[in-house]
1. 7 Å from Cα along Cα→Cβ at both Val111 and Arg90: what's the point-to-point distance in nm?
2. Go through segment 27-36 residue by residue and turn each phi into a ³J(HN,Hα) via Karplus (6.51, -1.76, 1.60, θ = phi - 60°); whole Hz please, and just put x for glycine and proline.
3. Can you list, largest first and rounded to whole Å, the semi-axes you get for segment 25-149 by taking the square root of 5 times each eigenvalue of its Cα gyration tensor?
4. Per residue of segment 86-101, in order, report the coupling 6.51 cos²θ - 1.76 cosθ + 1.60 (Karplus, θ = phi - 60°) as ³J(HN,Hα) in whole Hz, putting x for Gly and Pro.
5. If you project the alpha carbons of segment 22-85 onto the principal axes, what extent comes out on each, in Å, largest first?
6. So how far apart, in nm, are the two label points at Glu49 and Leu131 if each is 7 Å from Cα heading toward Cβ?
7. Mind checking the full-extension length gain between Lys81 and Glu120? Use 0.36 nm per residue of separation minus the Cα-Cα distance, one decimal, nm.
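Taken together, the values in this text are just the output of simple stated rules run on the coordinates, not laboratory data. Here the structure is a predicted model, which means the values were calculated and not measured. Positions of Cβ are backbone-derived with ideal geometry, glycine not excepted, and every protein chain shown enters the neighbour counts.
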Amino acid sequence: MQNIHTSETSFQPQHNPISIADAPLSPLILAIDDSMELAQAFHDMLVAEGYTVMAVKSVEEAMEHLAYVVPDSIVIDATSKTLDGFALGRRIKSMEGFFSVPLLYVIEPSVPEHIIKSYENGGYDYVTKPLDLAKLIVRLKTRTDYRFRD
């Protein structure tokens, strides 16, 4: 299993779900993108804003981590070449305990139907490429920080 970069140390899934005592002190974001460069960019941008981030590049890695932890929000690249981000979003939303986890899709602005698909597939919002850090952070804060305080 590959290490996943987080803001503090490399993340290795545990064999038991994370307990409250082990939970991060900042909102936990799962960023899913088949491009490690973009996943690393998500990681770096969000850590700088005070989030704890798990960045993964495949459906398999995402599902491995979701078996052990429920993040405060999930960012999915819906337009990646090797994974169907919308199908992954539907799958996550159908999992027990994940219906209320906010999904934010990253989409191509040149494909207007992706906006509709974002909402149809469990997303609460979307951002377009190229990523605008300010928009991404504001949209995450809208749901994630509120959810984290609950």
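1. A separation of 1.5 nm, rounded to one decimal place.
2. Calculated HN-Hα couplings, in order: x, 9, 10, 9, 10, 10, 7, 6, 8, 5 Hz.
3. Details: eigenvalues 67, 56, 43 Å².
Those come to 18, 17, 15 Å.
4. Taking θ as phi minus 60°, the curve returns 5, 5, 5, x, 4, 4, 4, 4, 7, 6, 4, x, 10, 4, 8, 6 Hz for segment 86-101.
5. The Cα atoms of segment 22-85 stretch 34, 26, 14 Å along their principal axes.
6. Here the modelled spin labels are 0.9 nm apart.
7. Taking 0.36 nm per residue and subtracting the Cα distance, the gain is 12.0 nm.
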